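All remarks here apply to the structure that follows.
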Amino acid sequence: MITVGSGRLRVDKRHIAQSVALNNYVSAISEYNGVMETGSGTKQETIEQLLSNMFEGEHNESVIVHGIQVLLTLLEPRRPRAELGGLSGFYCNLEGQLEINPPGMDSSSNTQASLDTLLAIKQHLCEFHKLLVDPPTKYSLQTTWGVLDPPLGNTRLHVVKLLASAINANNKALNQELIDLDTLNVILDLYFKYVYNNFLHSQVELCINTILNSAPIEETNETDEQVNPLVKYLLQKCRLFHRTLSAWEENEKEQ
């Protein structure tokens with residue numbers, strides 16, 4: 001970070017060091033052939049160092065966003081173009097491009113996610129949750145329909161995208177941590193607050209679609225109801241249907 005004051009330039013060396021460290025991680029990963037398939041071989045200590053650079057000291061949006069992009073690279077191996085199906089197999093990413101959409105559609109994609117990466121994210125899930133509640137400071141933003149104060153910001157958008165990817169792995173420990181932190185309720189709060197943010201909405205809808213199409217993690221007795229705990233949490237504690245209908249009714253009144 002570079003600031004100007006009293007005719008002098010002040011350089012925040014910590015932020016520069018963090019950015020350099022993140023660039024080194026990206027370069028190291030990019031050197032592998034078939035970059036999207038390297039997740040399972042990544043050492044957990046390296047990922048832990050990456051997360052440490054992201055969260056230590058004062059939060060810096062650029063450092064956090066670039067760190068999340070590295071984690072997404074480890075979690076989301078791409079498939080060859082020949083395997084892509086029709087438009088139903090795609091979703092719109094943060095850059096507005098079409099990508100393959102495996103959640104709930106192909107369980108084999110779950111095995112591709114790096115367990116080391118998932119474990120590291122699970123251990124730092126509380127910090128990602130806090131970023132959704134208290135992101136780096138953003139100034140109010142004037143839009144064509146009103147003022148956003150504060151705007152959603154790139155940090156929270158990337159955190160939601162990371163969680164959407166992690167949820168697709170259907171990992172029992174990570175799912176339970178999401179339930180304990182009540183993270184999905186916070187994400188839904190953002191969904192209904194930022195009503196015109198299509199990038200956010202596409203990621204939240206991806207989360208919901210993934211959860212509703214997920215299978216039970218463990219086999220249960222024949223007498224037990226085979227429901228993924230995350231599905232039960234989403235429908236009951238998060239009151240997904242109630243909140244959706246309430247938003248619909250409110251929208252009808254405004255029109």
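Every number in this text was worked out from the coordinates using simple rules, so none of it is lab data. Predicted, not measured: the structure shown is a model, and the values here were computed from it. Backbone-built Cβ (ideal geometry, glycine too); neighbour counts: all protein chains shown.
Calculate the spin-label point distance for residue 254 paired with residue 138, positioning each point 7 Å from the Cα along the beta-carbon direction, and give it in nanometres.
Going by the 7 Å Cα→Cβ label model, 1.8 nm.
What FRET efficiency do you get for residue 119 and residue 215 if R0 is 22 Å and r is their Cβ-Cβ distance, rounded to the nearest 0.05? Could you put the intermediate results ahead of the total?
On the way: r = 21 Å, r/R0 = 0.96.
That pair, residue 119 with residue 215, gives E of 0.55.
Please label the shape of the range 169-218 as rounded, prolate or oblate, based on the square roots a ≥ b ≥ c of the eigenvalues of the alpha-carbon gyration tensor (a/c under 1.5 means rounded; beyond that, a/b larger than b/c means prolate, else oblate).
On the way: a/c = 3.38, a/b = 1.71, b/c = 1.97.
Oblate, because a/c is 1.5 or more while a/b does not exceed b/c.
Figure the gain on full extension for residue 130 and residue 201 (residue separation times 0.36 nm, minus the Cα-Cα span) and round it to one decimal in nm. Numbers along the way, then the final one.
Working: separation 71, 0.36 × 71 = 25.56 nm, distance 1.99 nm.
Between residue 130 and residue 201, full extension yields 23.6 nm more.
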